[in-house]
Each structure stands twice: as C-alpha cells, then as structure tokens.
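Student: Right, I'll just put the structure down here and ask away after.
The values are calculated or read from the model by the stated rules, or taken from the named source; none is laboratory data. Just so it is clear, the structure is predicted and the values come from calculations on it, not from any experiment. Counting neighbours? That spans all protein chains shown, and the Cβs are built from the backbone with ideal geometry, glycine included. Calculation scope for accessible area: heavy atoms of the full protein, side chains included, ligands and nucleic acids excluded. Shrake-Rupley method; radii C 1.70, N 1.55, O 1.52, S 1.80 Å.
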Amino acid sequence: MIRGKVILDKRRSTKKGFPVKIRLFYKGKYTYIPLKIYQFSKELNHTTEIRKIEYKLSRRLDYCNEYDLNYEDSLYIIKNGPNDQFAVNKLEKDLENLRSKNSITFSEFANILIYEKEAKGLSSQHLKEAVNQLTKFLSGKSLLINDINYELLNQFILYKKLSGTGEHGISYYLRSMRTIYLEAQRRESYGIKSGNPFKGLIKKGKKKEIPNISPEDLRRIFNYESNSSSLANKRSMKRTARIWLFQFAIGGQDYIDIAHLTWDNISNDRIRFQRYKNKNKPGGGPIIDNRLNRYALDIIKKYGDRSSRRIFSFIPIDKRYKHHRQNINRSLKTISAALEFQSELKTKSPRYLFRTYAGNLLINTLVIMQIQGHTPQGITFGYQRRLPNSIIDKELAKINKQIFI
C-alpha cells in the first residue's frame, strides 16, 4: 500500500519561499515529488491550487491501492495519472499473472499425462524421456507450461546440439514435448496460452536409404559363420543372422515385434499379431496373419523359450531393449562386412528389403500392406474387406521363394 500527502518542505528555504512537495510513503521509504510551487508561510496554505492537487493525489492513491500497483507503477500514476496505454499494460500484466496462477509446470502435467497413458495401457516412455531432457536443460528448475516459448525451445535445441545430439534425437524430444504442451492446452482449466511455440522447430527426418542387397546375396547369410574365437560369441552371431532372416520370412516384420511375440500368437503354422508401434491406436491397428514357412518354424523350435510366455525371451522388452538393439545392429554390421554386402544389415532392413523384393515381383500393393500390417488410406479402401488367407499365403510364399529355396 502506498500513502501520500502534500507538504510544505521547511527543511530548506529559497528566495521564492519553502517548496511545496508531494511526500509518498511506500514500504518504509519516503519519496518526494516537487510541484514547483513555493510559499513563505510557516504552515501549508491550502489554496485553491493546493486543494486541487490534494484531490487529484487522493484519487490517484486510491487507484494505485485498488489495483495493488508496485512502486514504479504507482509513481507513474501519481505523476501522470492513468491513461489508455497504462490500462492496456495493466490488463496484459493481470492476464499474465492470472495465467501463471492457473497454469501448471511442465513436469507436473507431464506426470499427469504419463499416469493417464499408463492407466490405459499406452506407452509413455517418450514422454518420460522428454521430461528428463528438459529437466537437465533447466538444471532441475521447474518451468510453467505458459513460459515455454520459441526462445526457450531454441536454447534447448542449441544445448542438445552442443551435447552431441543429432537432428533425429532433437526432433524426437521436441515432438514428445509438443505432445505434452498441446494436450495441456486442450484442458481449459490450466489457462494455457494459445498458439504453438514448436511450430517450425521440428525438422522432418531425412528419408531413410533403402538397403541395396540382392536376394542372391541374402542367401549367403545361411552359410555365415563368425570367425570369433569365442564359442558363445559364434553362437550369438549365428542366432542374430538367423533371427534377421526370420524377420524377413514372416513378412519383413520389425525387431520390436519379434521381441513381443508370444506363444499365443502361434497357431496351426500361422503367426497372428498386431504391430507394437500401433499399440496406442484404437483397436491396436491391423492384424497380421501370415503362414509360417519351414524356416520360420525351425527358428521358433530352435530359439523359442517354452518356459516363457514370450517366444524369444532372450530379447529384453524393458529399458534394456534399446541397448540390446544397438548391440544387434553392431553384430549385423559385422556380418554385412564379412559377407561383403553393398549395404549394412540393420534390424529394420527386413522390412525395406521385403517390400522391395515384393515390388520387384509386381505383387499387388494391397497384398503387401496386409502382410506387413499397414492400413490402406483413402475412401475406396473403406469398402475393401481383408484379403483371404489363400491369396496372402500364395503371395508370401512367392516372395519368400527368392530367399528360402
């Protein structure tokens, strides 16, 4: 609260008399505002001019205290009086304060969203990683969602680049942070400001290069033997090569899907499952229902763990999965070099090569999409039922025949 009055400053005398001033009191300190008015009397003479100043001061003090203005704003109002620009600035400041009071920190809302997703059985790991990275960037300080803006995000990008993170990793974190931000924005009770501060900052990833390996070259994998002196390592490398071929044999499926296969997915020499990447979609996405060829059945028999619910229990599906997959890719790189392939094999390669070989055989795109668990887009496909297994099995066998003779 600020108080004030018009006084006669008798501390010093001038040729014109004692100066008349406004004395303000705010939080234990006095401030004087000269009025360029002088009087020779020993007490303040309340002339008409002085009474007008006192009235104006009283009104302005009431205004300052009503809106709980700080010292700087109060001094401005007492000197100049309220105006349209000040009113606009005051409203903007009030709105900002209101947003801050109603807002929520990024990590607080992220934890709410993570809990909701996990309660629905949905993945939340990408959100946890985004919170972790932003917390490191902020050195553990909290951040209101309403304080996220272009400048802060640009600083985060520079911070990650200096730490050695590539464009793909930075975009991954930004997309996850954007998910949290936009979801909070949809909930009106938090008073999140409008707009999208992430716009223009998330770069599209480069188109992945399709491996250039012929079916004839791939068949050499069957005879691959590691030259390692360790018997355990030799077995591990051979298993890696065979599992890669298994991915191809069942339709070029992702390694993460191989990791999550259970014995319930196998019946009557068929494998039936939904892709892991579609787990958050309604219904879990399209169903893959492919026939297992002789090679695939042999791999399941050799490496399948009957004591576990999952077929390939040696592949972790917890937080160790990422590190495990990186090790598998290193092993595939070694295998590729040993077999002198033009391109390196990776855990994702079976999907690209399967699609390429199928396309080279001019196999219908709808057939390939059903084999690989893709959903055709467009109105016309809304009238299309699933193709019968008899068609799918025949075309799958045709593709596999290029490798599994």
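Student: Filter segment 207-233 down to the residues that are open to solvent by less than 30 Å² (accessible area, probe 1.4 Å) and assigned to a helix (DSSP H, G or I) and list them by number. Break it down stepwise before answering.
Tutor: Of all residues in segment 207-233, those open to solvent by less than 30 Å² (accessible area, probe 1.4 Å) come to 211, 213, 215, 218, 221, 224, 226, 228.
Hits for segment 207-233 are P215, L218, I221.
Student: Give the residue that is nearest to I33 (Cα to Cα), with candidates limited to residues of segment 68-92 that are touching a residue at least 40 places away in the same chain (Cβ under 8 Å) and in contact with a helix residue (DSSP H, G or I) (Cβ under 6 Å, 6 or more places away or on another chain).
Tutor: Among those that are touching a residue at least 40 places away in the same chain (Cβ under 8 Å) and in contact with a helix residue (DSSP H, G or I) (Cβ under 6 Å, 6 or more places away or on another chain), it is I78.
So that you can scan it fast, the table gives a plain yes or no per residue for (1) touching a helix residue (DSSP H, G or I) at 6+ places or on another chain (Cβ under 9 Å); (2) among the hydroxyl-bearing types (S, T, Y); (3) touching a residue at least 24 places away in the same chain (Cβ under 8 Å); (4) over 26 Å from I391 (Cβ atoms):
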| residue | (1), (2), (3), (4) |
| --- | --- |
| L218 | yes, no, yes, no |
| L231 | no, no, no, yes |
| R242 | yes, no, yes, yes |
| L245 | yes, no, yes, no |
| Y255 | yes, yes, yes, yes |
| N265 | no, no, yes, no |
| D269 | yes, no, yes, no |
| D289 | yes, no, yes, no |
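Student: Sticking with this structure for a sec: Take Y150 and tell me if it is within 16 Å of the chain's Cα centre (by Cα), open to solvent by 80 Å² or more (accessible area, probe 1.4 Å) and of a type outside the set (D, E).
Tutor: In short, yes.
Student: Only one of L69, L91 is open to solvent by less than 80 Å² (accessible area, probe 1.4 Å) and either hydrophobic (A, V, I, L, M, F, W, C) or in a helix (DSSP H, G or I) (or both). Can you tell me which? So that I can check it myself, show each step before the final result.
Tutor: Working: L91 fails: open to solvent by less than 80 Å² (accessible area, probe 1.4 Å).
Testing whether each residue is open to solvent by less than 80 Å² (accessible area, probe 1.4 Å) and either hydrophobic (A, V, I, L, M, F, W, C) or in a helix (DSSP H, G or I) (or both) leaves just L69.
Student: Being among the small types (G, A, S) and open to solvent by 40 Å² or more (accessible area, probe 1.4 Å) is the requirement here; does G4 meet it?
Tutor: Values: among the small types (G, A, S): yes; open to solvent by 40 Å² or more (accessible area, probe 1.4 Å): no.
Spelling it out, it is not the case that G4 is among the small types (G, A, S) and open to solvent by 40 Å² or more (accessible area, probe 1.4 Å).
Student: Then there's this: State yes or no: is A249 touching a helix residue (DSSP H, G or I) at 6+ places or on another chain (Cβ under 8 Å) and either within 23 Å of K322 (Cβ to Cβ) or open to solvent by 70 Å² or more (accessible area, probe 1.4 Å) (or both)?
Tutor: Details: touching a helix residue (DSSP H, G or I) at 6+ places or on another chain (Cβ under 8 Å): yes; either within 23 Å of K322 (Cβ to Cβ) or open to solvent by 70 Å² or more (accessible area, probe 1.4 Å) (or both): no.
No, not satisfied.
Let's see how each residue does on (1) at pLDDT below 95; (2) open to solvent by less than 100 Å² (accessible area, probe 1.4 Å); (3) over 26 Å from G17 (Cα atoms); (4) more than 52 Å from the chain's Cα centre (by Cα):
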residue: L35; (1), (2), (3), (4): yes, yes, no, yes
residue: S41; (1), (2), (3), (4): yes, yes, no, yes
residue: L44; (1), (2), (3), (4): yes, yes, no, yes
residue: Y55; (1), (2), (3), (4): yes, no, no, yes
residue: Y63; (1), (2), (3), (4): yes, yes, yes, no
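Student: Okay, next question. Sort out which residues of segment 112-131 are open to solvent by less than 60 Å² (accessible area, probe 1.4 Å), in a helix (DSSP H, G or I) and small (G, A, S), and write them in order of number.
Tutor: Listed by number, the list holds a single entry, A130.
Student: Criterion first (open to solvent by 30 Å² or more (accessible area, probe 1.4 Å) and either modelled with pLDDT under 95 or more than 36 Å from the chain's Cα centre (by Cα) (or both)) does R239 satisfy it?
Tutor: Working: open to solvent by 30 Å² or more (accessible area, probe 1.4 Å): yes; either modelled with pLDDT under 95 or more than 36 Å from the chain's Cα centre (by Cα) (or both): no.
When the stated conditions are applied, R239 does not pass them.
Student: Give me the pairs: first residue in segment 159-170 and free of Cβ contacts under 8 Å to residues at least 60 places away in the same chain, second residue among the small types (G, A, S) and open to solvent by less than 70 Å² (accessible area, probe 1.4 Å), beta-carbon distance under 6 Å, and six or more apart or on different chains, which are they?
Tutor: Matching pairs, first to second residue: H168/G205.
Student: Go over the candidates I317, I391, I363 one by one and state the one that is closer than 28 Å to S123 by Cα and of a type in the set (V, I, T).
Tutor: Details: I391 fails: closer than 28 Å to S123 by Cα; I363 fails: closer than 28 Å to S123 by Cα.
Just a single option satisfies the conditions, and that option is I317.
Student: Pull up segment 159-191, narrow it to residues that are among the basic types (K, R) and in a helix (DSSP H, G or I), then point me to the one that is least open to solvent (accessible area, probe 1.4 Å). Walk me through it before giving the result.
Tutor: Of the residues in segment 159-191, the ones among the basic types (K, R) are 160-161, 175, 178, 186-187.
Filter once more, so that each one left must be in a helix (DSSP H, G or I): 160-161, 175, 178, 186.
Working: K160: 16, K161: 94, R175: 89, R178: 78, R186: 179 Å².
Looking at residues that are among the basic types (K, R) and in a helix (DSSP H, G or I), I get K160.
Student: Please enumerate the residues belonging to segment 310-350 that are basic (K, R) and either loosely packed, with under 11 Cβ neighbours inside 10 Å or free of Cβ contacts under 8 Å to residues at least 40 places away in the same chain (or both). Walk me through it before giving the result.
Tutor: Initially, segment 310-350 is screened for residues basic (K, R), giving 310, 319-320, 322, 325, 330, 333, 346, 348.
Correct list: K319, R320, K322, R330, K333.
Student: Out of (1) closer than 30 Å to S176 by Cβ; (2) part of a strand (DSSP E or B), the odd one out for K5 is which?
Tutor: All conditions pass for K5, except number (1).
Student: Select from segment 291-309 the residues that are free of Cβ contacts under 8 Å to residues at least 40 places away in the same chain and among the polar types (S, T, N, Q) and write down the one among them that is most open to solvent (accessible area, probe 1.4 Å).
Tutor: Checked segment 291-309; the qualifying residue most open to solvent (accessible area, probe 1.4 Å) is S307.
Student: Tally time: how many residues in segment 252-263 are among the hydrophobic types (A, V, I, L, M, F, W, C) and surrounded by 19 or more Cβ atoms within 10 Å (Cβ to Cβ)?
Tutor: To start, the set of residues in segment 252-263 that are among the hydrophobic types (A, V, I, L, M, F, W, C) comprises 256, 258-259, 261, 263.
Among the residues that remain, those that are also surrounded by 19 or more Cβ atoms within 10 Å (Cβ to Cβ) are: 258-259, 261.
Result for segment 252-263: 3.
Student: Can I ask one more? Look through L231, L261 and report the one residue that is under 23 Å from K319 (Cβ atoms) and among the aliphatic types (A, V, I, L, M). Break it down into steps so the answer makes sense when it comes.
Tutor: Working: L231 fails: under 23 Å from K319 (Cβ atoms).
Residue meeting the stated conditions: L261.
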